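Here is the structure we will look at.
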Amino acid sequence: METEKTPEYDDYRKKILENAKKNAGLGKDEKIDIKDPSLLEKAATLAKAVVSRGINNNKASNETIKLRDLSCHGDDGSLPPCSERKDSQKYPGSFYCGACGCGDKKMTQLVNLVINGKKEYSKIDYPKVSCPFKMPGFSDYVPSEEGVSDNSRKKEIESRYGVEYITEHSNPK
């Protein structure tokens, strides 16, 4: 499945390229090539999440889910929702990630849906799940670096909880 190429997606790619250049020590005019995840890479990420769920519907800890909620939805105060959080067209009142390429499906919703009286398993419930921005609470979380990462939302969450706490609750065993 191909990631939809929206203006937000293009801005996201530009930021990723800028940060990659900084990390690699490249100048502004030097070229760097970052490819979108292939279908195989997306399938591998999905497989890790599904395996972590297991046959017993294992879930991430409450602390991890709280961090993921904050990373995706923000709070009612100073932290806005992620710019890539999209309103679901299929499940009114729900949201999905517009950056990861998974699309608007039941298993990719960022809230627990209730369908026919049954609470569904959401994307943030998986013990191991990735975030394109490597935000707190997600298995691939990477702390922000001064001068390299300009993600103010990530920095705000890190200042509230501390990198050590976030790292402990982002990378389940």
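Being exposed (fewer than 10 other Cβ atoms within 10 Å of the Cβ), under 20 Å from Arg153 (Cβ atoms) and modelled with pLDDT of 65 or more, is that true of even one residue in the stretch 32-44? No - not one qualifying residue is present in the stretch 32-44. Tell me whether the stretch 123-145 contains one or more residues that are in contact with a strand residue (DSSP E or B) (Cβ under 8 Å, 6 or more places away or on another chain) and in a strand (DSSP E or B). No, the stretch 123-145 contains no residue that is in contact with a strand residue (DSSP E or B) (Cβ under 8 Å, 6 or more places away or on another chain) and in a strand (DSSP E or B).
Among residues that are of a type outside the set (Gly, Ala, Ser), buried (at least 18 other Cβ atoms within 10 Å of the Cβ), over 18 Å from Thr64 (Cβ atoms) and at pLDDT 90 or above, Tyr141 is not included. Looking at (1) in a loop (DSSP other than H, G, I, E, B); (2) over 19 Å from Ser152 (Cα atoms), which is the only condition Ser78 fails? Of everything listed in (1) in a loop (DSSP other than H, G, I, E, B); (2) over 19 Å from Ser152 (Cα atoms), Ser78 misses just condition (2).
When Val114 is tested against (1) at pLDDT 95 or above; (2) exposed (fewer than 14 other Cβ atoms within 10 Å of the Cβ); (3) of a type outside the set (Phe, Trp, Tyr), exactly one condition is not met: (1). Reported count of residues in the stretch 91-128, each being within 19 Å of the chain's Cα centre (by Cα) and of a type in the set (Val, Ile, Thr), is 3.
Pairs are defined by a Cβ separation below 8 Å, a sequence spacing of at least 6 or placement on different chains, a first member in the stretch 157-173 that is within 18 Å of Ser130 (Cα to Cα), and a second member that is hydroxyl-bearing (Ser, Thr, Tyr) and at pLDDT 95 or above; the pairs so defined are Ile157/Ser71.
Lys90 passes every criterion in (1) out of contact with any helix residue (DSSP H, G or I) (no Cβ under 7 Å at 6 or more places or on another chain); (2) buried (at least 20 other Cβ atoms within 10 Å of the Cβ); (3) in a loop (DSSP other than H, G, I, E, B) apart from (2). Does the stretch 158-171 contain at least one residue that is surrounded by fewer than 18 Cβ atoms within 10 Å (Cβ to Cβ), in a loop (DSSP other than H, G, I, E, B) and touching a helix residue (DSSP H, G or I) at 6+ places or on another chain (Cβ under 8 Å)? Taking every residue of the stretch 158-171 in turn, none turns out to be surrounded by fewer than 18 Cβ atoms within 10 Å (Cβ to Cβ), in a loop (DSSP other than H, G, I, E, B) and touching a helix residue (DSSP H, G or I) at 6+ places or on another chain (Cβ under 8 Å). Exactly one condition in (1) at pLDDT 95 or above; (2) in contact with a Phe, Trp or Tyr (Cβ under 6 Å, 6 or more places away or on another chain) is not met by Ser71; state its number. Condition not satisfied by Ser71: (2).
The values are calculated or read from the model by the stated rules, or taken from the named source; none is laboratory data. Keep in mind that this is a model prediction, so the values were computed, not measured. Reconstructed Cβ throughout: ideal geometry from the backbone, glycine too, with neighbour counts over all protein chains shown.
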